[in-house]
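Reviewing the structure listed below.
The values are calculated or read from the model by the stated rules, or taken from the named source; none is laboratory data. Keep in mind it's a predicted model, so treat the numbers as computed, not measured. A quick note on method: Cβ atoms are made from the backbone with ideal geometry, for glycine too, and the neighbour counts reach across all protein chains shown.
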Amino acid sequence: MASMPAASEREASSYRWVILILMVSCFLFTFITRFSWPPLIPVVVPVLGMKMTQAGAFMSAFYFGYIITQIPAGVLADRFGVRAILALSLIIEGISTFAMGYMTTFDMGFWLRFITGLGAGAVYAACSRALMEWFPAQERGTAFGIMLAAPSGGIVLSNYIVPALNKSFGWQGALQIIGVATAIVGVLIFVLVRTSNEVTSSGSMFGGFKVVFGSKDLMLTALAGFCLMWVELGTATWANAYIKKLGYTVQAAGLVMIFYGIGGILAPLFSGYISDKIGQRKNILILSYALIIPLTIAFGYQTSMTALCTLGFIFGFCSYMANPHLTVMISEFAGKEWAATANGTANFIFQLASMIGPLVLGWSIDFTGSFNSVWWIMAAGPLLGIILLLPVRPENKRA
């Protein structure tokens, strides 16, 4: 990526808000492509004669591709910048999602979801690098909180847009429209993203690994992120199907997840801003995890639409208030120079939960014939996460 043209420091500083908008757009459309599948599970499974385990495998396929590109993309973003990497990511996601509209077999859909994951794998590390590069330390909680509201925004939009598109154009048309829109965003990213006057990393391209794997605090935080992703991704994948099994429509299930997603949008905005003012990122993380445990189980015992929507909002809020602090802490443990490598490596660890979880939870549904076990299995994640976070020392961040 080319360096930004000569400009005053004030102009450079003001462009950070443009960068933030672009990073939010990247994240938003990556999550729309990611979560376009769960609302369609009840529609497509009977059409293609699939089992629930296979439906869960589509999410696992995405995350199998997703984790492969995490670390290489982080290394490349630290070395060469983020523009081309992010643009290519969105374009690949768009093309493969468009092609999903033509799938006729489980195998075809599985490999297309795998390719979508490959495209999406660069986004987290590259976006994190861009924000570390452009935002000063006292604004990072707010900046990352805004960016990390986009995953929940993607869930909200997916559950609002996908059922509507399915109703108007069928499931094939829904996937095709989402694919085209995502590719267009990729082109816009290539045109508008630029770097700050910060130099990219010097020395060995792989020098960041010594920093990343040499930090006990960073690795424990990354493992705690695995535990958070276990419950977040499990909810986003299976809540729609659970609500549909209660006898509600696809649209009603989508409404519950919209409330869940709205909570998830507001939480990182609030907690990121608060942490910039008071610090205490680690303590906010632990509080979030402690609240998630009972909320996960309680959500799975609700049957009325009012209770599902209300608890869904609270559940989403408490789950996603943790997200910006994980990313800021990992970025600061690595330092600005190696932020993308650190976040690519950490997200590789996070997303192992996303790859394993849908299959494990789908198997438990097939084995037991109900969703009861799902919520207990998911709640074990944040409990383990608290244990991992206790010895972490946030003051050990790298200059």
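Tally time: how many residues in segment 381-399 are in contact (Cβ under 8 Å) with a residue 60 or more places away in the chain, of a type in the set (A, V, I, L, M) and assigned to a helix (DSSP H, G or I)?
So the count comes out to 5.
Given the residues 45, 75, which is the only one that is surrounded by 20 or more Cβ atoms within 10 Å (Cβ to Cβ) and part of a helix (DSSP H, G or I)?
Just a single option satisfies the conditions, and that option is 75.
Of all residues in segment 24-72, how many are of a type in the set (A, V, I, L, M, F, W, C) and farther than 14 Å from residue 114 by Cβ?
19
Would you please list the contacts, defined by Cβ atoms under 9 Å and residues six or more apart or on different chains, that run from a residue in segment 334-356 that is at pLDDT 85 or above and of a type in the set (Phe, Trp, Tyr) to a residue that is outside any helix (DSSP H, G or I) and surrounded by 24 or more Cβ atoms within 10 Å (Cβ to Cβ)?
Between residues of segment 334-356 that are at pLDDT 85 or above and of a type in the set (Phe, Trp, Tyr) and residues that are outside any helix (DSSP H, G or I) and surrounded by 24 or more Cβ atoms within 10 Å (Cβ to Cβ), the close pairs are 348/121.
Within segment 101-131, work out how many residues are modelled with pLDDT under 90, of a type in the set (S, T, N, Q) and either assigned to a helix (DSSP H, G or I) or within 21 Å of the chain's Cα centre (by Cα) (or both).
Of the residues in that region, 1 qualify.
Under the condition of being touching a Phe, Trp or Tyr at 6+ places or on another chain (Cβ under 8 Å) and under 10 Å from residue 208 (Cα atoms), which residue from segment 322-344 is surrounded by the fewest Cβ atoms within 10 Å (Cβ to Cβ)?
Going through the qualifying residues, I end up with 341.
Restrict the check to segment 234-250 and report whether at least one residue is out of contact with any Cys (no Cβ under 6 Å at 6 or more places or on another chain) and at pLDDT 85 or above.
no
Within the set of pairs 6+ apart or on separate chains, which have a first residue in segment 239-251 that is closer than 16 Å to residue 315 by Cβ and basic (Lys, Arg), a second that is at pLDDT 75 or above and part of a loop (DSSP other than H, G, I, E, B), and C-beta atoms under 7 Å apart?
Filtered contacts from segment 239-251: no entries.
Go through segment 342-358 and give me each residue that's under 15 Å from residue 131 (Cβ atoms) and more than 13 Å from the chain's Cα centre (by Cα).
342
Can you tell me which of 81, 109, 101 is under 19 Å from residue 189 (Cα atoms) and of a type outside the set (D, E, K, R)?
Unique residue meeting the criteria: 81.
Against the definition (buried (at least 19 other Cβ atoms within 10 Å of the Cβ), of a type in the set (A, V, I, L, M, F, W, C), within 19 Å of the chain's Cα centre (by Cα) and part of a helix (DSSP H, G or I)), how does residue 177 come out, yes or no?
no
Taking the stated definitions as given, is residue 36 polar (S, T, N, Q), under 21 Å from residue 349 (Cβ atoms) and out of contact with any Lys or Arg (no Cβ under 6 Å at 6 or more places or on another chain)?
no
Has segment 29-36 got any residue that is closer than 18 Å to residue 236 by Cβ, touching a Gly at 6+ places or on another chain (Cβ under 8 Å), not in a helix (DSSP H, G or I) and not basic (Lys, Arg)?
yes
Taking segment 302-316 as the search range and keeping residues that are crowded, with 24+ Cβ neighbours inside 10 Å and more than 14 Å from the chain's Cα centre (by Cα), which one is nearest to residue 80 (Cα to Cα)?
The qualifying residue nearest to residue 80 (Cα to Cα) is 315.
Could you grab me the full set of residues in segment 265-315 that are more than 17 Å from residue 246 (Cα to Cα) and of a type in the set (Ser, Thr, Tyr)?
271, 273, 275, 288, 289, 296
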